[in-house]
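Heads up: the structure comes next, in structure tokens.
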Amino acid sequence: MSELLPKGLEDAFLSAAAELGMCSAAWLFVREAEAEGKDYLMALRDALGRTFPVLDAVAGARLEGAEVPALDAVALDTALEGIRRVVVVGVEAAQLDALVARRGTRKLALLTEAALATDWKRVLANFSGAVEAVDLATFQGWAGPRSALLTFAYGVSGESTHVAPVWLRVAGTDVRTQFGALIAWDVLGLPMFVYPRWLVEVPTSTFTHLLP
């Protein structure tokens with residue numbers, strides 16, 4: 001069924017994932033494919049699923065009738081209670097939009113490091129100045145007992161989950177003592193059936209909060 005798909009789809013997905021996040025991009029592509037018919041969605045999964053495990057999981061779930069998981073604002077508010085500054089590690093457009101919408105007087109920063117070729121100016125421009133940029137040399141300036149590091153997780157299996165590789169560069173033992181909370185937000189909520197390329201496995205015990 002690969003003849004159903006346009007050329008360059010893998011590059012298009014990579015570009016979307018770099019600016020929207022793997023899960024947000026996966027749902028976007030799955031919805032667009034589904035609009036062309038079930039065969040088109042199956043072809044998308046067959047063509048790209050082995051390369052992009054998050055897309056594979058989302059496409060498989062949608063073929064079984066699953067909807068986009070609802071954002072749990074209550075869990076987010078609970079995890080961020082008393083937190084005045086948040087450094088976000090990774091990109092997921094839907095969750096970042098929710099975080100910005102509920103920020104109040106809380107300050108938000110985005111770590112401008114990723115495995116993908118992300119245009120950080122374009123990403124940050126979407127938030128109209130509500131999110132600042134930090135890098136590996138400056139993010140610790142946001143540390144403190146009322147600060148949090150937040151990253152996006154992709155499914156929970158037993159006592160482990162998967163996150164973007166850059167998380168390993170910020171979440172050392174010394175950082176755990178500097179930030180009041182280390183939060184993982186499970187944006188996928190599904191098991192991955194393909195080897196989780198692009199991601200790394202970490203214990204869920206790494207985090208003070210694990211959001212559904």
- Just wondering, is there one or more residues in segment 81-91 that are at pLDDT 95 or above, small (G, A, S) and in the same structural domain as E32 (by TED's automatic domain parsing)? no
- Task: Determine whether L44 is in contact with a helix residue (DSSP H, G or I) (Cβ under 7 Å, 6 or more places away or on another chain), touching a residue at least 12 places away in the same chain (Cβ under 8 Å), in a strand (DSSP E or B) and surrounded by 15 or more Cβ atoms within 10 Å (Cβ to Cβ).
- Result: no
- Is it true that some residue in segment 4-17 is of a type in the set (S, T, N, Q), assigned to a helix (DSSP H, G or I) and crowded, with 19+ Cβ neighbours inside 10 Å? no
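For every residue, the table says whether it meets (1) in a loop (DSSP other than H, G, I, E, B); (2) touching a helix residue (DSSP H, G or I) at 6+ places or on another chain (Cβ under 9 Å); (3) without any contact (Cβ under 8 Å) to a residue 40 or more places away in the chain; (4) not assigned by TED's automatic domain parsing to the domain that holds I83.
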{"position": "L182", "(1), (2), (3), (4)": "no, yes, yes, no"}
{"position": "W185", "(1), (2), (3), (4)": "no, yes, no, no"}
{"position": "P191", "(1), (2), (3), (4)": "yes, yes, no, no"}
{"position": "Y195", "(1), (2), (3), (4)": "yes, yes, no, no"}
{"position": "W198", "(1), (2), (3), (4)": "yes, yes, no, no"}
{"position": "V202", "(1), (2), (3), (4)": "no, yes, no, no"}
- Query: Can you tell me which residues in segment 53-78 are surrounded by 15 or more Cβ atoms within 10 Å (Cβ to Cβ), without any contact (Cβ under 8 Å) to a residue 60 or more places away in the chain and either in contact with a Phe, Trp or Tyr (Cβ under 6 Å, 6 or more places away or on another chain) or within 20 Å of L210 (Cα to Cα) (or both)?
  - Reply: V68, L71
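The values are calculated or read from the model by the stated rules, or taken from the named source; none is laboratory data. Here the structure is a predicted model, which means the values were calculated and not measured. Reconstructed Cβ throughout: ideal geometry from the backbone, glycine too, with neighbour counts over all protein chains shown.
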